[in-house]
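The values are calculated or read from the model by the stated rules, or taken from the named source; none is laboratory data. Source: prediction; values computed, not measured. Quick reminder, even Gly has a Cβ in these numbers, built from the backbone with ideal geometry, and neighbours come from all protein chains shown. Only protein heavy atoms, including side chains, enter the accessible area calculation; ligands, DNA and RNA are left aside. Shrake-Rupley method; radii C 1.70, N 1.55, O 1.52, S 1.80 Å.
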Amino acid sequence: MDDKISSAAEASGSGQYHIPVLLEQTAEAMNIRQGGIYVDGTAGGGGHSAEILRQLGGTGRLIAIDRDPDAIAEVTRRLGHNPNITIVHSEYSRIREVLDELEIAAVDGVLLDIGVSSHQFDCAERGFSYHHDAPLDMRMSSEGTTAADLIAQLDWKQLAEIFSRYGEEKFSAAIAKSICRKRETAPIETTAQLAEIISAAYPAAARRDGHPARKVFQALRIAVNDELGELERGLESAFRCLKTGGRLSVITFHSIEDRITKRAMAEWCKGCTCPPEFPVCVCGKKPRAKLALRHPASATEEELARNPRSRSARLRVCEKLEEN
């Protein structure tokens, strides 16, 4: 399973708040119309938002949402002067509530770019990276339970379940037991402490597949931020907000996110569920959406050369059909 940023790119850093991936493919697939209303549910540094505003051409409206206060500050600095943007500090799963507060009934398109931004990885004190020694935090919103809290409070079976489910880590049990042994002698409070414990518990023969801590850090980050729950809720909320003909565009970076997105869109696109032997449909079920892209889009060779972290990105897009 690929994470949102490769270890090489993470280590080097980009010097930019966040490099938007699949920018051209996403903007084209969204079918942006002047005068329309769009939502960027994961505004980050404003890369995708800036392109949406450019294509709106001074008309329409963009609602830019993010739960990270750093991202809100950056997108406000970069785009806040534009009268066509409304910037909201919130989770993207609350799109419906945000639009209700703004008295917007439905929108022409929603973009969700799932995962962690370059800035969050590169900002050492946020605790997302095993390349920097920092407090073991990993909170996107800077509120709530930290990774250090989970490491301190959960038993080895619970930790192993997190590492296995969210990181697809084969050695989850051994790593979890090692963590529980180490914390008996001293609290595990920094990224360097945790990375060292993981490395020591990792079989030498398996280390050629990447840094031993990569999958565990990913899993903890997903658990701390409830990323998969947020995605499931966000997909449903976003789809409900679309007008007929509106499009939902979702960029994912690893297999679990992509499977959730693919499954949701497949369900919306499903029509009749009658047994194949029935001569006519009796269930009356009609598709609620159609795929705007038959296959997920991925980075071109040109984009990969500019931005290696785009390698694992996948873009899926569906279009809402008229409600029955």
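Details
- Förster radius 51 Å - calculated FRET efficiency between residue 204 and residue 291, Cβ distance, rounded to 0.05: 0.70
- Only helices enter the 222 nm calculation for the chain: every DSSP H run of n ≥ 4 contributes -39,500 (n - 2.57), and dividing by all residues gives -12500 deg cm²/dmol, rounded to 500.
- Potential lengthening between residue 304 and residue 106 on full extension [0.36 nm per residue; Cα-Cα distance subtracted]: 67.8 nm
- 1.4 Å probe accessible area per residue over the chain, in Å²: 46 Å²
- In this label model, residue 89 and residue 226 are separated by 1.9 nm, measuring between points 7 Å along each Cα→Cβ vector.
- For residue 101, solvent-accessible area (1.4 Å; no DNA, RNA or ligand), Å²: 130 Å²
- Going by accessible surface with a 1.4 Å probe and the largest first, 88, 280, 216 read 280, 88, 216.
- Near residue 176, once Lys and Arg are set to +1 and Asp and Glu to -1 for all other residues with Cβ below 14 Å from its Cβ, the sum equals +4.
- Theoretical FRET efficiency, 1/(1+(r/R0)^6), r = Cβ-Cβ of residue 153 and residue 236, R0 35 Å, to 0.05: 0.70
- Summarising the amide proton neighbourhood of residue 44: residues at separation of 5 or more, or on other chains, whose placed amide H is nearer than 5 Å comprise an empty set.
- The calculated FRET efficiency for the pair residue 96 and residue 186, based on their C-beta separation and a Förster distance of 41 Å, comes to about 0.35.
- Couplings for the stretch 281-287, taken from phi via the Karplus curve 6.51 cos²θ - 1.76 cosθ + 1.60 with θ = phi - 60°, read 6, 10, 7, x, 6, 10, x Hz in order; Gly and Pro are left as x.
- Put simply, the amide H of residue 313, placed in the peptide plane, has neighbours under 5 Å in 299, leaving out anything fewer than 5 places away on its chain.
- Top of 205, 219, 64 by mean-square fluctuation, Gaussian network on the chain, Cα under 10 Å: 205
- Each residue of the stretch 112-124 was assigned a 3J(HN,Hα) from its phi angle through the Karplus curve 6.51 cos²θ - 1.76 cosθ + 1.60 (θ = phi - 60°); the sequence is 10, 10, 7, x, 10, 7, 4, 4, 4, 5, 6, 7, 4 Hz, with glycine and proline shown as x.
- Estimated inter-spin distance, residue 282 and residue 142, nm [label 7 Å along Cα→Cβ]: 6.0 nm
- Links that overshoot a 22 Å alpha carbon limit, given the list 157/262; 215/270; 285/320: 157/262; 215/270
- Cα gyration tensor shape of the stretch 149-193, rounded if a/c is under 1.5, else prolate or oblate by comparing a/b with b/c: prolate
- Antiparallel DSSP beta bridges within the chain, percent to nearest 5: 40 percent
- Relative frequency of Cα-Cα separations exceeding 20 Å in the stretch 151-307, percent: 64 percent
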